Every structure is written in C-alpha cells, then in structure tokens.
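The values are calculated or read from the model by the stated rules, or taken from the named source; none is laboratory data. Just so it is clear, the model here is predicted, and its values are computed rather than measured. Reconstructed Cβ throughout: ideal geometry from the backbone, glycine too, with neighbour counts over all protein chains shown.
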C-alpha cells in the first residue's frame, strides 16, 4: 500500500493558485498556461514592452482595466531622454485605455498591494520586485518586456510550476529588529541563488506577529534569493489589511494543504535575529550591524518597495525625533505611495524627519537604481533600505552600498557610521 | 554550429554588471546603450567582443532586474550564446524570448579566450583550446520552440498563442 498517487499529495500555495488559474492539476515541474489577473510595466521597462507589443502587431489589450502603466523609477523625468519615454507611455495608455499611475503616484508594488492585488491572483509585472504581492497570497512574479507585452495582448502566459521551499517562522522579532533583518538573514543563509526557479512559502506560528508591512518587505526580497514568488498564506492579518484598505470583498482564505510536498524546510526563530546588513556588492554578503560599527556612511536612503511604508517611516521618525542627522551623512526619505506620504504627514513623522535634517522625495523609487534623487559618486558609501546593492546600482560603480532595515538606517543617519539601532533606541 | 571565443566571467554577474540602471536614459537609443554592455564587469568588453563570441559565466548569471535590455545588448554585441553553470530565471526567459541561446553546463573548465564550438541541436560544447567536450541540458519544449522561432515576438506572430 505504498502507492502514493499524486492525487493524494496535497498542494503548495503555488500549485493551488496555478491549478486554479490554468484549469489543470498543476504540480511542481509541470508547464502550464495560466490566466493573468493583473499585468503592469513601469517607466524603465514600459517603452520596450510597448515596442515589443507593436512589433508583434498587437493593437488591443486583453483587459485594459487590469493593465497598468506606472511612472515611478525615474519620475518626474530627470532628463530629456526619459521624458520622451514617459510621453510614449502616456500615448500608449491613451490609445489602449489601460490604467495609468503618473508622476507622484508612488512605487508600482506598493500601489499593487494597497489597491489591486487579491489573494489567489496571478500577477505579472515587468519588474523583478513584482513578487511583493506574494504577501497577500497572490502568485506575483516579474518578467521581461516581451513576456509582459504578450500578457498585455493575450491575458495569459506560460509558467513552469515551481518547487517550493517552506520557511517556518516561530517566535517574535525583538526590539530594534525588523522584517528586513529576517529577509537579509534568509538570503544570507540560502544564498542569492538559493531559491532560483522555486517558490518560497512562509508558514509557522510566528506569522501571526508579522504585519502586512513586514510581509511585503519579506515577499519583496524573495527574488534576491532567485525565487519566482514569495508566498504568504491568506489569514487574519490579510483580512485586517484588506479591511483597512476598504477592500474587504477581495478577501478569500487561501493556504497550502497540510500534506503538500516541499523540497526543503527551513526553520527561523524570529526572536534570535539581530539587526542585519548586506555588504557590497551582493545581497547575500551579510553581517550583523554591530559587527560593522565604524563603517562611515555618506548617505542614508529610506524608502522603496522594500521599506517605504508607513511603519518604516514611523520607525525612522521614532529614532530621529528631536535629534539631528550626523552632519556628514545625508538623509533621503521617499514614501512609497501618496497614502504613505499623507499618513506620515498626519502622524507628524515627516515633520520629525525634516527637523532631523531629512530630504523628503515624492512617492516613487527615488535613489534606488541610480537614476535620480541621490545618485552616488565614486568612493561614497550608502546605507539603503532598498533590496539591491549590486556594483553600480546607485550610480558610480566605485560606490559601496549597504542594505539594512529602516531602524538601522535611522540609527546610522544619527551617528554617521553603521549602527545597531538598539544602541540609540 | 556556432564558433567563437569565450569571454569568461565569474559567479553572480548581475543585470547591473551587464547594463547598469544609470544608463536607463539610453534605453530608447539602443545603439548607444549597447556601447555599455558588460561595462561594470569588464570595461573593455564592448571593444574586444566579435560577432559569434560567447559569454561564459559561472553560477547565477543575470541575477537582478527584469530589464530585457540586459540580454538585448549582449545580443546586439554579436554574442552567439551565453554559457553558464546556472542562470537567474527572468534573465533566462528574457534571453530565450530574444532568440539568444542560454546553455546550462559546467563552465569551470573553460578559460577566457578559449575557442569554442557549440552544436545547439546536438547539445555539446567543444573547447578547441583545451580539447575538452561538454554537454548542456536541453531546454523545456516551450522555450526551445520560442528559441527556434527566433524569439517570442516571431513565435507569437506565427502561432498567435502559446503552444504546449
């Protein structure tokens, strides 16, 4: 009686969603064609998406109201060339009737989380951090412009159903430790290719203590371990978030089967984590913040799809309120969306940060990818709350980028060198 | 049969090594953009590479951004295929979607400057310089069909849909 027909083996979250959207019994390793619920491009991938769409002689979008063009990576446009790209994208949106989020509208992944992603959706974006919406239980993944152009026109694409790694978390994060520290620890543990082609699926009793903002940070960084998606089950935290966003009708419970098949299981005790930093030039090159004490930092950047949410800005404001940034260390802060910006103004976080010497950017990607609003010079070092520290990412290839949590970033802005936030809290 | 020289790189060559974000303003001016191919990994690459040559990476080649401009500028440089021990998934799909072969094989034995011959249909790499022969793993059928049609746009133009 050892026959174990695959019909009796439960499904992972990835297998469940792809089964539903493909109409097949989707199992790891299968190749399926799935319907896509939401598709988008942004201002650095949009122009090539549009030209591929036109090269294929497409004219109409499969679902104009489920297709979005975002202006966030270099918006408002910092130069003529990008202004031309922006114009091309606006014209495309007008012609095809797709949705548009223009200058000041915020970072695509934050807006997808706030307003568009639903549990169980398949979401494809021409941006690698599309994985962020996995926090809401959506199979969300990044693709290139050609793939996205075809999804624009056909409303579907092919997927290889990924094997899943189960990340089981227990306990609660300690004082001064944030979801970013968990993400960096995980990537440091499994490596920058530790989950290539695979799904990361989070579970365990520790999940109850991770707020939606935490989950968005963790799902966002799944791609830094090579993962196709970073999926969270849909639970009470998801329901409360959707209620808060006045989207209670979008809630539907979704979890993996208890007898699903995982390639590997990794246990993480949240209480054992400490403030963690990725050192140049790889995200998996991690160290503890306290081990890097004395590392001088020229610029601190708080924001992005990883850590530009209200909770992140609140954390920074709590550390910097009534104090001044180090005179040699610039502090740049970009709320991820207008909602975040407005809430941060209402709560007086923005006032506290401006008084501490911060430069506040409009909602958008800001300094993250070296296009505007904080480009680094050769020899400079930056502590950023973003997700990538590759050589040349933020400007000069001779610059050094460290990644850390908003708490570590704020503590570092205060002292001018990489600082464990617990020292200043 | 593809023939050319190997340009050897290490592990974890990111899309920022291949074409950094700071050149995003050139993305609608591809001939200018292509002059910066691999610049942060080897500043002289664009000047040295010839039509037909190969990029040989280590593990996790192409990690990072979804920018399809990364395989696009490599293709524009005349590179006939990328060989690597492993490739990040978005880059992998993007390269195939542009008709640029990506071959997964053990690249440790290949040195910078080696003369290579690649038999795409036979699944083998012959390193003429060292005399070694390697085999590479076959692509999934859907990717092979897209590659054989010269990329996703010509594939969709021919079939109008995905064929599994």
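Values computed for the structure shown
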| read-out | value |
| --- | --- |
| The stretch B:109-164, residues that are in contact with a strand residue (DSSP E or B) (Cβ under 7 Å, 6 or more places away or on another chain), without any contact (Cβ under 8 Å) to a residue 12 or more places away in the chain and within 14 Å of another protein chain (Cβ to nearest Cβ) | B:140 |
| Check on residue A:194, in the same structural domain as residue A:230 (by TED's automatic domain parsing), surrounded by fewer than 24 Cβ atoms within 10 Å (Cβ to Cβ), over 16 Å from the mean Cα position of the chain (by Cα) and more than 27 Å from residue A:241 (Cβ to Cβ) | yes |
| Any chance residue A:144 is more than 14 Å from chain B (Cβ to nearest Cβ) and either over 19 Å from residue A:43 (Cα atoms) or over 14 Å from the mean Cα position of the chain (by Cα) (or both) | no |
| Subset of the stretch A:395-410 (residues that are touching a residue at least 40 places away in the same chain (Cβ under 8 Å) and crowded, with 24+ Cβ neighbours inside 10 Å) | A:401, A:402, A:403, A:404, A:405, A:406, A:407, A:408, A:409, A:410 |
| Selection from the stretch B:24-61 of residues that are in contact with a helix residue (DSSP H, G or I) (Cβ under 8 Å, 6 or more places away or on another chain), buried (at least 24 other Cβ atoms within 10 Å of the Cβ) and facing chain A (nearest Cβ under 9 Å) | B:24, B:27 |
| Residue check, residue B:75 modelled with pLDDT of 95 or more and either in contact with a helix residue (DSSP H, G or I) (Cβ under 7 Å, 6 or more places away or on another chain) or surrounded by fewer than 15 Cβ atoms within 10 Å (Cβ to Cβ) (or both) | no |
| Residue A:216 being crowded, with 24+ Cβ neighbours inside 10 Å, under 18 Å from residue A:264 (Cα atoms) and more than 12 Å from chain B (Cβ to nearest Cβ) | no |
| Within the stretch A:262-320, strands (runs of 3 or more DSSP E) holding 2 or more residues that are over 20 Å from the mean Cα position of the chain (by Cα) | A:264-269, A:286-288 |
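This table checks each residue for (1) buried (at least 24 other Cβ atoms within 10 Å of the Cβ); (2) more than 23 Å from residue A:178 (Cα to Cα); (3) free of Cβ contacts under 8 Å to residues at least 40 places away in the same chain.
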residue: A:314; (1), (2), (3): no, no, yes
residue: A:321; (1), (2), (3): no, no, yes
residue: A:346; (1), (2), (3): no, yes, yes
residue: A:362; (1), (2), (3): no, yes, no
residue: A:385; (1), (2), (3): yes, no, no
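Conditions (1) assigned by TED's automatic domain parsing to the domain that holds residue A:307; (2) under 22 Å from the mean Cα position of the chain (by Cα); (3) assigned to a helix (DSSP H, G or I), marked per residue:
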| site | (1), (2), (3) |
| --- | --- |
| A:379 | yes, no, no |
| A:382 | yes, yes, no |
| A:392 | yes, yes, no |
| A:398 | yes, no, no |
| A:410 | yes, yes, yes |
